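Any read-out appearing in this document is the output of simple, stated calculations on the displayed coordinates, not a laboratory observation. Quantities reported herein were computed from a predicted structural model and do not represent experimental measurements. Heads up, the Cβs are rebuilt from the backbone with ideal geometry, glycines too, and the neighbour counts pull from every protein chain shown.
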Amino acid sequence: MKIGVTGAAGHLGRLAIDGLLAKLPAEDIIAIVRNPAKAADLAARGVVVRVAAYDDTPALDAALAGVDTLLLISSSEVGRRAQQHRNIIDAAKAAGVRRIVYTSTPQATTTALILAPEHKATEEYLVASGVPYTIVRNNWYTENYVQEVETARKTGAIVTAAGEGRVASATRADYAAGAVAVLLGEGHENKVYEFSGDYAWNFHELAAAISEIIGRPVTYRAVDAAALIELLKGAGLSADTAGFVATLDGNIADGLLGLVSPDLSRLIGRPTTPLLEGLRAALG
Ligand SMILES: NC(=O)c1ccc[n+]([C@@H]2O[C@H](COP(=O)([O-])OP(=O)(O)OC[C@H]3O[C@@H](n4cnc5c(N)ncnc54)[C@H](OP(=O)(O)O)[C@@H]3O)[C@@H](O)[C@H]2O)c1
């Protein structure tokens with residue numbers, strides 16, 4: 001069985017390929033990348049590397065030839081990715097791919113999360129394509145909070161507009177293990193899984209975890225969106241980026257990342273990585 005992976009040179013793609021290499025011969029794994037130089041190490045391990053940018057439909061057609069199951073890791077190009085994902089799904093369908101596993105976002109079709117519309121559009125397009133699918137709706141990466149550790153080292157505080165909101169994060173390695181379980185396992189056709197950590201932490205708990213890591217007290221300060229935007233602009237962020245971060249925080253305050261589901265730990269056969277451990281691992 002040939003497994004294709006898009007975004008294969010990215011963080012999640014690499015971890016998924018590591019997991020696949022533990023179970024499959026390297027020549028059965030097809031890494032789809034846009035920059036082959038970034039995948040030289042994968043080629044050296046015997047993985048088949050094919051080059052295709054998501055806007056290059058002829059290249060996608062060629063890259064997907066012979067793929068049985070595709071891990072479609074969502075693109076990082078926010079604003080352009082619904083079309084990019086449609087291109088990949090079309091090419092996969094034309095190539096006779098037998099199942100597409102898509103990495104989505106929590107409760108993609110019903111949530112108000114600011115990042116969800118492109119995922120919702122992709123899920124709907126995928127389901128309508130008629131290609132068997134598995135949707136894994138990944139919650140936040142614990143690694144997203146490495147920056148907070150650096151901020152706390154400098155200031156002794158973390159500041160958000162997320163209030164008492166909670167985040168059911170897991171590590172990229174957890175999500176990659178979940179993707180591998182779904183790619184190689186049976187019975188996942190036309191299923192939707194909510195992948196999350198086993199516990200939804202709040203920002204007081206994040207501050208406590210960071211405090212333990214850096215060995216000094218860290219306070220959590222909750223501010224409103226307007227105050228956060230001013231603070232972020234003062235730190236050099238553009239008004240657009242600051243507004244986006246504040247909106248995401250508002251989404252967290254509204255509970256949109258707080259859903260804990262047993263799907264991920266059940267499929268990987270172990271608990272997800274706790275916040276403190278995940279942050280420590282991300283810091284290396
Ligand atoms: N759940 C979360 O907390 C969270 C956080 C961040 C992102 N995400 C989503 O999860 C995905 C995987 O996460 P990650 O950490 O692995 O992200 P990542 O390291 O940024 O990897 C994204 C990969 O997509 C590739 N890519 C982007 N645009 C492309 C294009 N037009 N054509 C071909 N390849 C393209 C990139 O290629 P290059 O290596 O050439 O740039 C990169 O390898 C992200 O893309 C994003 O959709 C989720």
Sorted by Cβ density within 10 Å, fewest first, the residues Glu123, Glu205 = Glu205, Glu123
Cα-Cα over 26 Å: which of Lys38/Lys233; Lys23/Lys120; Lys120/Lys233; Lys120/Lys191; Lys93/Lys191?
-> Lys38/Lys233; Lys23/Lys120; Lys120/Lys233
Once amide H atoms are placed 1.01 Å from N in the peptide plane, what residues at a sequence separation of 5 or more from Thr171, or on another chain, have their amide H within under 5 Å of its amide H?
-> Thr142, Thr273
Could you work out the local net charge near Ala176, counting Lys and Arg as +1, Asp and Glu as -1, over the other residues with Cβ closer than 10 Å to its Cβ?
-> 0
Summing +1 for each Lys or Arg and -1 for each Asp or Glu, what net charge is found among the other residues whose Cβ lies under 11 Å from the Cβ of Ala39?
-> +4
Quick one: which of 162-172, 103-113, 125-135 comes out on top by average Cβ neighbours within 10 Å, and what's the full order, highest first?
-> 162-172, 103-113, 125-135
Please list 76-83, 245-252 highest first by mean number of surrounding beta-carbon atoms within 10 Å per residue.
-> 245-252, 76-83
Charge tally in the Cβ shell below 12 Å around Thr6, where Lys, Arg are +1 and Asp, Glu are -1, Thr6 excluded = +3
For Arg137, which sequence-distant residues (separation of 5 or more, or a different chain) have an amide H within less than 5 Å of its own amide H, given hydrogens modelled in the peptide plane?
-> Ser104, Tyr193, Glu194, Phe195
Tell me what the chain gives for mean residue ellipticity at 222 nm when only DSSP H runs of n ≥ 4 count, each as -39,500 (n - 2.57), the sum divided by the residue total, rounded to 500 deg cm²/dmol.
-> -13500 deg cm²/dmol
When the Karplus curve 6.51 cos²θ - 1.76 cosθ + 1.60 is applied with θ = phi - 60°, which whole-Hz ³J(HN,Hα) does each residue of region 37-49 get, with x for Gly and Pro?
-> 4, 6, 10, 4, 5, 5, 4, 5, 8, x, 5, 7, 9
Would you list, by chain and number, the aspartates and glutamates whose Cα falls below 18 Å from the Cα of Lys2, excluding same-chain residues fewer than 8 positions away?
-> Asp18, Glu27, Asp28, Asp61, Asp68, Glu186, Glu189
In sequence order, what are the phi-derived ³J(HN,Hα) couplings for region 134-142 according to the Karplus relation 6.51 cos²θ - 1.76 cosθ + 1.60 with θ = phi - 60°, rounded to whole Hz, with x for glycine and proline?
-> 9, 10, 10, 8, 6, 6, 5, 7, 4
